[in-house]
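Below: the structure, in structure tokens.
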Amino acid sequence: MVATTYRVGVIGTSWAARSPLPTLESYPGVEIAAICSGRLERAREACDRFGAPIALDDYRELVAMPDVDIVYVGSPVALHDPMAIAAAEAGKHLLLEKPLSLDAARGQAMLDAATRAGVSHIVAFTMRHFATHILVRTLIDDGVIGEPRHLAISHFGGSAVGSPPRGWSWWSDRDQGGGLLGAMGSHYVDLARYWLGDFAEVSGSLRTWHRTAADGEGRVREVTSDDGFALVGSMRSGAEVTLHMSFAVRPGPPRRVELYGEQGSVVIEGDELAAGGARVLLTRPGESAPSEIDVPPLRLGDAARGSAVPRFGLMIEKLLRAIEGGERPSPDIAEALRCQEVLDAVRRSSVEGGSIRLPDAAPTV
């Protein structure tokens, strides 16, 4: 489908209002046609804020709109597959939030529907589009550190001393797809795949430290989702991966990403989106100590660069190129499905113990 202006139907008003909606509103050649929320008043508020003409509370009405070209799905995870499948069957191109779905079976159904319909699709694993992360990929591709052998990521965002746990929401409910592994761990699983290829096996442990939280009406409800986890994995390349995260601790040092190769290493200290920023330390072959290196800026088209959130704008840019030119955007549903298989395996390992082998799949990175 080619159009002068692409009209986007947006499902979800929570996270969408922080990044996707401002980006869609500011992206040239894109127009927000309608916004849907489970609560109509929220959809109307979002329409007023972002200039959309139609507010809805039923996603089926949105995907049936004949002048909608693209559907963004930013609902709770448990609703991703029915919404994405309905949109694909209606011939709409897909811009989907991560994690892909509740499990790989549902993710496969999403991929099958998109493939049958012949629509383009991309999943918002925006962390692979950090300038620091693209730099690491370049260092790997150029052989600067030799064969990558160990990747270690630690991120302890925590909460301030004395502050209460976050309020109860769908994020607190495992059955709705809530939890830290899906919300943030999926980003890092995708990042590991972006750098190192597919996982071969994985083990892990999920913990729920804050077991109750108050909802919007003050009722104390049970929390069933994870707020901390540990993941240990082996890649098909032979590299080893460890990933540790928790929101149930006092905030620790800035996020740290360490990649060690046979000849050198690269370390990211901090987060380029945080107030303190990030720096990249490289140890080259023959050197005994790391040195800080410059981070090239993201390479973006004019539309993405000028949008409200350029990293999300890059997702839109890739999707539009796919729609108009037929090229495969990355990461698409097929890649997100490989990520989902890893999440499923970590959850299974946390219950059963032991290491879980991942299914064979052709590399998609």
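The values are calculated or read from the model by the stated rules, or taken from the named source; none is laboratory data. Quick caveat, the model's predicted, so the values are computed rather than measured. Here the Cβ is made from the backbone with ideal geometry for all residues, glycine too, and neighbour counts use every protein chain on show. Heavy atoms of the whole protein, side chains included, go into the accessibility calculation; ligands, DNA and RNA do not. Shrake-Rupley method; radii C 1.70, N 1.55, O 1.52, S 1.80 Å.
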For the range 173-223 and the range 292-350, what is the separation of their C-alpha centers, rounded to whole Å? 20
Ignoring ligands, DNA and RNA, please state the percent of accessible area on the range 206-365 from carbon and sulfur, probe 1.4 Å. 49
Tell me the volume per residue, in Å³, of the convex hull enclosing the alpha carbons of the chain. 141
How many percent of DSSP beta bridges within the chain run antiparallel, rounded to 5? 60
Surrounding net charge for V220, when Lys and Arg each add one and Asp and Glu each subtract one, Cβ distance under 15 Å: 0
Work out, step by step, the length gained on full extension between T242 and S26: first 0.36 nm times the residue separation, then minus their alpha carbon distance; give nm to one decimal. 74.0 nm
Between E327 and R348, take the C-beta separation as r, use R0 = 45 Å, and let me know the FRET efficiency to the nearest 0.05. 0.80
Given a 1.4 angstrom probe, what's the average accessible area per residue across the range 116-221, in square angstrom? 42
Zone residues, the range 220-238, relative to D175, backbone N less than 20 Å from point 7 Å out along Cα-to-Cβ: 220-227
Please report, in debye to the nearest 20, how large the charge dipole of the chain is about its Cα centre when each Lys and Arg carries +1 at its beta carbon and each Asp and Glu carries -1 there. 480
How much length would be gained if the chain were fully extended between R219 and D58, taking 0.36 nm per residue of separation minus their Cα-Cα distance, in nm to one decimal? 55.2 nm
Would you work out the charge dipole size for the range 222-365 about its Cα centre, treating the Cβ of every Lys and Arg as +1 and the Cβ of every Asp and Glu as -1, and quote it to the nearest 20 debye? 100
By the scheme Lys and Arg +1, Asp and Glu -1, what is the net charge of all other residues having a beta-carbon under 10 Å from that of G167? +1
With label points built 7 Å along Cα→Cβ from the Cα atoms of A275 and R207, find their separation and express it in nm. 2.7
Considering only G157, P99, L135, whose Cα is most displaced toward the positive end of the charge dipole of the chain, charges sitting on Cβ of Lys, Arg (+1) and Asp, Glu (-1)? G157
What distance in nm lies between label points placed 7 Å from Cα along the C-beta direction at E262 and A200? 1.5
Mind giving me the nanometre distance, one decimal, between the label points for S14 and A289, set 7 Å out from Cα along Cα→Cβ? 4.8
Could you compute Rg(Cα) / (2.2 N^0.38 Å) for the range 191-262, with N its residue count? 1.48
Checked against the positive end of the charge dipole of the range 1-109 (+1 on Cβ of Lys and Arg, -1 on Cβ of Asp and Glu, about the Cα centre), the farthest of C47, S26, V8 is S26
